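The values are calculated or read from the model by the stated rules, or taken from the named source; none is laboratory data. Given the structure is predicted, the values throughout are model-derived calculations rather than measurements. Note that each Cβ is placed from the backbone with ideal geometry, even for glycine, and that neighbours are counted across all protein chains shown. Keep in mind that these areas ignore ligands, DNA and RNA; they rest on the heavy atoms of the full protein, side chains included. Shrake-Rupley method; radii C 1.70, N 1.55, O 1.52, S 1.80 Å.
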Amino acid sequence: MNTKVTIAGVEFKNPVMTASGTFGSGMEYGDLVDLNRLGAVVTKGVASVPWPGNPVPRVAETYGGMLNAIGLQNPGVDVFVERDLPFLQQFDTKVIVNVCGKSVEDYLAVVERLGDTAVDMLEINVSCPNVKEGAIAFGQKADSLYDITSQIKTKAKQPIIMKLSPNVTDIAEMARAAEAAGADAISLINTLTGMKIDIHKRSFVLANKTGGLSGPAIKPVAVRMVYQASHAVNIPVIGMGGIACAEDAIEFLLAGANAVAVGAMNFVNPYTTVEVVEGIEAYMQQYKVGDIKELIGAVGE
């Protein structure tokens with residue numbers, strides 16, 4: 001039974017990874033989860049300099065999910081390279097670093113800093129607000145996405161994954177723009193923009209007013225978008241959005257994802273990632289699937 005998948009020349013022992021922002025840089029879960037069982041650890045967003053994040057409160061529970069407006073708080077790329085990367089290198093798992101920034105120059109600084117490190121791939125978070133474009137996210141306009149992707153590709157030494165925002169009119173258009181600009185893979189979906197109001201205080205629950213919605217509630221939207229994106233491009237797709245169990249992950253694979261990432265459920269059940277790995281293996285045994293590639297995109301047009 002073969003569970004290995006290859007994305008942009010990088011081989012993963014299985015298609016299960018963590019979703020950025022829900023697993024720290026791996027160290028936070030190291031005492032609970034055997035990182036050797038995972039296909040990859042995808043880190044929290046890393047910026048060129050430390051970011052303080054948004055004011056509190058910045059997390060709220062919702063029906064079937066959660067809202068967050070953390071603001072990509074992180075200690076910066078230097079701390080990541082000196083502290084977090086050596087920790088991750090102890091394990092037999094691939095390392096994918098999520099990169100964030102407020103300008104193209106911010107992204108390029110991180111990409112270049114990581115160029116000669118033991119990082120396997122870079123995931124570019126284009127849901128960040130572009131300060132030079134009136135805070136419109138890099139990933140909300142096809143031309144902006146094309147521009148940042150092509151510029152990063154000129155500097156990146158590792159394969160790049162463009163993490164697409166679902167807050168767009170046509171996800172297939174965005175996927176094609178990333179591919180045309182040279183992206184090695186795409187991942188989706190990032191969080192959906194949402195809001196929660198406290199009816200007793202008559203005020204916003206989050207200090208930021210809006211936040212990113214994640215969790216099981218968004219899974220049907222995510223599956224639909226992964227299906228559309230995977231049929232729009234020829235590069236690999238990493239699917240995420242509300243995966244809570246192996247059955248959810250398999251649904252994404254059947255829709256066309258080459259790999260999957262577990263996000264919000266890491267907060268609910270920190271063992272979810274390993275349970276998904278084991279559940280996929282059990283499914284393959286049950287249905288006599290010899291190679292996981294038989295599942296990828298098995299649901300037709």
Query raised in the report: Order of 194-206, 163-175, 267-279 by packing, highest average Cβ count within 10 Å first?
Result: 163-175, 267-279, 194-206
Requested in this report: For Lys288, list the aspartates and glutamates whose Cα falls under 20 Å from its own Cα; do not include residues on the same chain fewer than 8 positions away.
Outcome: Glu247, Asp248, Glu251, Glu275, Glu278
Query - Rg ratio (alpha-carbon, reference 2.2 N^0.38 Å) - the chain - result: 0.93
Query raised in the report: When you take every Cα atom in region 66-161, what is the radius of gyration, and what is Dmax, the widest Cα pair distance, in Å?
Result: 13.8, 42
Query raised in the report: Could you state the principal axis extents of the C-alpha atoms in region 17-73, from the largest down, to the nearest angstrom?
Result: 35, 35, 17
Query - Paramagnetic label zone (point 7 Å from Cα along Cα-to-C-beta, His231; backbone N under 16 Å) in region 279-301 - result: 296-301
Requested in this report: Provide the descending list of Cα extents for region 109-167 along its principal axes, expressed in whole angstroms.
Outcome: 34, 21, 15
Report summary line: Using a 1.4 Å probe on heavy atoms of the protein chains only, the accessible area for Lys209 in Å², nearest 10, reads 110 Å²
**Report entry** Segments 119-130, 141-152 sorted - mean Cβ within 10 Å per residue, highest first
**Finding:** 119-130, 141-152
Requested in this report: Would you mind working out the magnitude of the charge dipole of the chain relative to its Cα centre, with +1 at each Lys and Arg C-beta and -1 at each Asp and Glu C-beta, to the nearest 20 Debye?
Outcome: 700 debye
**Report entry** Amide N proximity, region 267-301 versus Glu61 label position 7 Å along Cα-to-Cβ, cut-off under 16 Å
**Finding:** 267-270
Report task. Pull out a ≥ b ≥ c, the square roots of the eigenvalues of the alpha-carbon gyration tensor of region 226-301, then state rounded if a/c is under 1.5, prolate if not and a/b is larger than b/c, and oblate in the remaining case. Result -> oblate
Query raised in the report: Where a Cα-Cα gap under 23 Å defines reach, which lysines qualify for Lys163, not counting those fewer than 8 residues away within the same chain?
Result: Lys4, Lys13, Lys44, Lys94, Lys102, Lys132, Lys141, Lys153, Lys155, Lys219, Lys293
**Report entry** Peptide ranges 73-86, 37-50 listed from the most packed, as the mean C-beta count within 10 angstrom indicates
**Finding:** 37-50, 73-86
Report summary line: Per region 163-301, sqrt(5λ) over the Cα gyration tensor eigenvalues, sorted largest first, in Å, gives 29, 21, 11
Query - Computed label-point distance, nm, for sites Lys157 and Ala8 using a 7 Å Cα→Cβ extension - result: 1.5 nm
